[in-house]
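Right, one structure below, let's go through it.
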Amino acid sequence: MARRTGRDHVAARPCWRCRACGAPWPCQPAKLRLLRAYADDRLALMAWLGVTMAEAVRELPDDGTDVIARFVRWARPSRRHPG
């Protein structure tokens, strides 16, 4: 898919690739945008990503890709160890 500029990094369905850069969605710019948008409510982000992942699983071919890592695992809060 050709790289385009000036477009939002949103999923093209049913292939679940980014409309702007062609990378598997969520691409890095989409992840950063989502993290900023849900900065105060990571639980809501995780819930939304879970629903989105379920939709993608119905549309994507089973190619062995770790869809949990692709759609959800990257958004987990980091574990911080107390000082």
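Is there a residue in the range 31-41 that is modelled with pLDDT under 95 and among the hydroxyl-bearing types (Ser, Thr, Tyr)? No, there is no match, as no residue in the range 31-41 is modelled with pLDDT under 95 and among the hydroxyl-bearing types (Ser, Thr, Tyr).
Residues in the range 16-27 that are without any contact (Cβ under 8 Å) to a residue 40 or more places away in the chain, closer than 15 Å to PHE71 by Cβ and open to solvent by less than 90 Å² (accessible area, probe 1.4 Å): CYS18, ALA23, TRP25, CYS27.
The values are calculated or read from the model by the stated rules, or taken from the named source; none is laboratory data. What you are looking at is a predicted structure, and each value in this text was computed from that prediction instead of being measured. Glycine gets a Cβ as well: all are built from the backbone with ideal geometry, and neighbour counts include every protein chain shown. Side chains are part of the model used for accessible areas, which takes the heavy atoms of the whole protein and leaves out ligands, DNA and RNA. Shrake-Rupley method; radii C 1.70, N 1.55, O 1.52, S 1.80 Å.
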